[in-house]
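Each remark here refers to the structure printed beneath this line.
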Amino acid sequence: MRHNTLSIHSENILPIIKKWLYSDKDIFLRELVSNACDALNKVRIALGDEGEFKISIAIDKPGKTITLSDTGIGMSEEEVEKYIAQIAFSGAEEFMEKYKSQTEKDPIIGHFGLGFYSAYMVASKVELDSLSYLPHSEPVFWSCDGSSSYSIGAGKRAARGTSITLHIDDESVEYLEESKLKELLNRYCAFMPFPIELNGKPLGNEAPLWLKSPADCTDKEYLSFYRKLFPMDPEPIFWIHLNVDYPFHLQGILYFPKMHRRFDANESTIQLFCNRVFVSSNCKDILPDYLMMLKGAIDSPDIPLNVSRSYLQVDKKVKQLSAHISKKVSDRLAQLYKNDRQSFIDAWPDLEMIVKLGILQDEKFYDRVKDILIWKNTQGEWGPIDSESKKKVFYSTTEHSPLIKLYKTVIFATSPIDTAIIQFLEDKLSLSFQRIDGALDESLLDPDKEKTVLDAEGKTEPGRVAEFIRKSIGNIEVEAKSLASNELPALVIFDENQRRFRDYIHLTQGKKGDTKKTFVVNTNHKLIQTISRLYNKQPEAAASLAKGIYDLSLLSQKEVGPDDLGSIVARQTDLLEKISALID
């Protein structure tokens, strides 16, 4: 056995690795298993399918060791010196200089052979016993306690491959629990290409479904794979199978999930893999924000990762991946709309947020999905807006507004972001959107029923009624109009521009604001005619009736906050008492 020192010019390379390279100690197992898979791949290329290919992990709790063994290509003494002892043989000094002052965001994965040294995150000493696959090779043993000194000599391994023994330090004894290692293996290594055993028991890892051709996958397989990734979720609506070879390699399956109230748009639910090795559940830089609602898995060897493979680095290739995935999603949506429109309509409540956010955030996405942005109208029909035949579109934010009956056709814009979508479409298309309580359209009026006779003071009867109601309610503009319909006693008109701004502030900042209101009373309705008869004889009863009609109008238009309900109930009760007194 001879002793030597690691081929670096600094004594503190391993403390730097511990401090800067790996922020999560759990990663050591992923790195060592990944190295074992690489070794198995190499020997399979060299020898074909000759011999056994597997990874074994054994825990010796009393001895405080974890041993990972593979039947891979193995190493000679010269290779151990080159690939293990020299650490960053492609530039140790460069690594040192970089990590003295930098964080782990430098895109240097693959520049240094450092995966093996993640073992020192949990081990006070690491031993390696390896036998090369080459004929007449001799086993080699290597040992290092984390300092710059190591020992190397004859090993004891009798079959090709490598065994790595970690002497677990006192701060990492949790990794000596089988349940802990099993949880890590299921998280990071569930899709490894070779069988893995833990204390003699197979892990049950399998080939991921994304490796298969989409033409060879059944719906049952897609749903089964989804349950493996997200066992507590309901079944997804549909999915997209990604399989790209040029200009980058990308495989994966993205699922459109059913939306639920607890959905968090900031929570990433797409798992990122690199060569079947789990890297992260954070794909925020690969997918645009509007697709973060999707679930699934993406695997690409071309994704640039940081040196510890904890997260990706954003570069031109990542942006290309993002654009490609966005196009695949929009193409899939358009295909569903064209081939199975009813299924698309049925799934719209779960799809609309993705489509609408994409329209607002991505011009190219809008160009691809603009013809599948559908709306429901008062006839119960679904479809895109015909911007060529219409110049004005009436819309309602609820399907139960009493104002809807005043219009021939109204579309329903009930999503929280529909105000932003409408503003966007107005800028894009040569039409305007008008909320049914955002203005009093001329089509709602009946000039023939308008009472225009002036009294001695030069006022019309409707003008006097409006003035009385204004004084009764207070602090609001009142107009008396002759509506074509006699069904509605009154409605509240909200300044459209102010309300859009209010809705935007509420959506983005959670703040509530006020909007200029106009109370329009219908002189053709019996209740308003009753006020006209009463305001001179019984002004108190007429005022209560006016307040009651105003309150009901606000309630029907969903413009009443929880804090106002008590006072409204009190006023309605007072009104009923006055009506009761009149009857008596």
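The values are calculated or read from the model by the stated rules, or taken from the named source; none is laboratory data. Keep in mind it's a predicted model, so treat the numbers as computed, not measured. We place every Cβ from the backbone using ideal geometry, glycine too, and count neighbours over all the protein chains shown.
Okay, here's what the table says:
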read-out: Enumeration of residues in the stretch 413-423 that are in contact with a Lys or Arg (Cβ under 6 Å, 6 or more places away or on another chain) and either over 19 Å from ASN497 (Cα atoms) or crowded, with 19+ Cβ neighbours inside 10 Å (or both); value: THR419, ILE421
read-out: Failed item, numbered, when THR409 is tested on (1) farther than 21 Å from PHE344 by Cβ; (2) surrounded by 15 or more Cβ atoms within 10 Å (Cβ to Cβ); (3) among the β-branched types (Val, Ile, Thr); value: (2)
read-out: Scope the stretch 31-47; condition out of contact with any Ser or Thr (no Cβ under 8 Å at 6 or more places or on another chain) and within 22 Å of ASN205 (Cα to Cα); matching residues; value: VAL33, SER34, ASN35, CYS37, ASP38, ASN41, LYS42, ARG44, ILE45
read-out: Residue match in the stretch 161-170 (condition: part of a loop (DSSP other than H, G, I, E, B) and crowded, with 16+ Cβ neighbours inside 10 Å); value: yes
read-out: Counted residues, the stretch 480-523 - those being in contact with a Ser or Thr (Cβ under 6 Å, 6 or more places away or on another chain) and more than 27 Å from ASP418 (Cα to Cα); value: 3
read-out: Among (1) surrounded by 14 or more Cβ atoms within 10 Å (Cβ to Cβ); (2) over 31 Å from the mean Cα position of the chain (by Cα); (3) modelled with pLDDT under 85 - the single one ASP564 does not satisfy; value: (1)
read-out: Matching residues, the stretch 228-250, being under 22 Å from LEU336 (Cβ atoms) and of a type outside the set (A, V, I, L, M, F, W, C); value: ASP233, PRO234, GLU235, PRO236, HIS241, ASN243
read-out: Unmet criterion (only one of (1) surrounded by 19 or more Cβ atoms within 10 Å (Cβ to Cβ); (2) farther than 17 Å from LYS558 by Cα; (3) in contact with a helix residue (DSSP H, G or I) (Cβ under 9 Å, 6 or more places away or on another chain); (4) not polar (S, T, N, Q)) for ASP437; value: (2)
read-out: Qualifying positions in the stretch 122-156 - surrounded by fewer than 19 Cβ atoms within 10 Å (Cβ to Cβ) and either among the aromatic types (Phe, Trp, Tyr) or outside any strand (DSSP E or B) (or both); value: LEU134, PRO135, HIS136, SER137, GLU138, ASP145, SER147, SER148, LYS156
read-out: Subset of the stretch 348-394 (residues that are of a type outside the set (Phe, Trp, Tyr), surrounded by fewer than 20 Cβ atoms within 10 Å (Cβ to Cβ) and under 19 Å from the mean Cα position of the chain (by Cα)); value: PRO349, ASP350, GLU352, MET353, LEU360, GLN361
read-out: Matching residues in the stretch 549-578 - criterion: being more than 19 Å from PHE494 (Cα to Cα) and either touching a residue at least 24 places away in the same chain (Cβ under 8 Å) or outside the structural domain of GLU467 (by TED's automatic domain parsing) (or both); value: ARG571, GLN572, ASP574, LEU575, LYS578
read-out: Test: residue in the stretch 39-55 that is in contact (Cβ under 8 Å) with a residue 24 or more places away in the chain, part of a strand (DSSP E or B) and not assigned by TED's automatic domain parsing to the domain that holds LEU272; value: yes
read-out: Sole exception among (1) over 25 Å from SER401 (Cβ atoms); (2) without any contact (Cβ under 8 Å) to a residue 24 or more places away in the chain; (3) touching a Leu at 6+ places or on another chain (Cβ under 9 Å) for ALA542, by number; value: (2)
read-out: Qualifying residue in the stretch 263-274 (condition: touching a Ser or Thr at 6+ places or on another chain (Cβ under 7 Å), at pLDDT 70 or above and either of a type in the set (Gly, Ala, Ser) or in the same structural domain as PHE194 (by TED's automatic domain parsing) (or both)); value: no
read-out: Candidate set from the stretch 207-218 (those that are aliphatic (A, V, I, L, M) and either at pLDDT 95 or above or in a helix (DSSP H, G or I) (or both)); member that is farthest from ALA297 (Cα to Cα); value: ALA215
read-out: Any hit, the stretch 187-206, residues being modelled with pLDDT of 95 or more, hydrophobic (A, V, I, L, M, F, W, C) and not in a strand (DSSP E or B); value: no
read-out: Any hit, the stretch 393-410, residues being touching a strand residue (DSSP E or B) at 6+ places or on another chain (Cβ under 9 Å) and modelled with pLDDT under 85; value: no
read-out: Pairs where the first residue, in the stretch 524-537, is more than 12 Å from ILE469 (Cα to Cα) and the second is basic (Lys, Arg), C-beta under 7 Å, 6+ apart; value: ASN524/LYS449
read-out: Number of the condition not met by GLU221 [criteria: (1) under 19 Å from ASP350 (Cβ atoms); (2) modelled with pLDDT of 85 or more; (3) of a type in the set (Asp, Glu)]; value: (1)
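Yes/no matrix, rows are residues, columns are (1) more than 41 Å from the chain's Cα centre (by Cα); (2) of a type in the set (Ser, Thr, Tyr); (3) modelled with pLDDT of 85 or more; (4) farther than 30 Å from THR397 by Cβ:
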| residue | (1), (2), (3), (4) |
| --- | --- |
| LEU545 | yes, no, yes, no |
| ILE549 | yes, no, yes, no |
| SER553 | no, yes, yes, no |
| LYS578 | yes, no, no, yes |
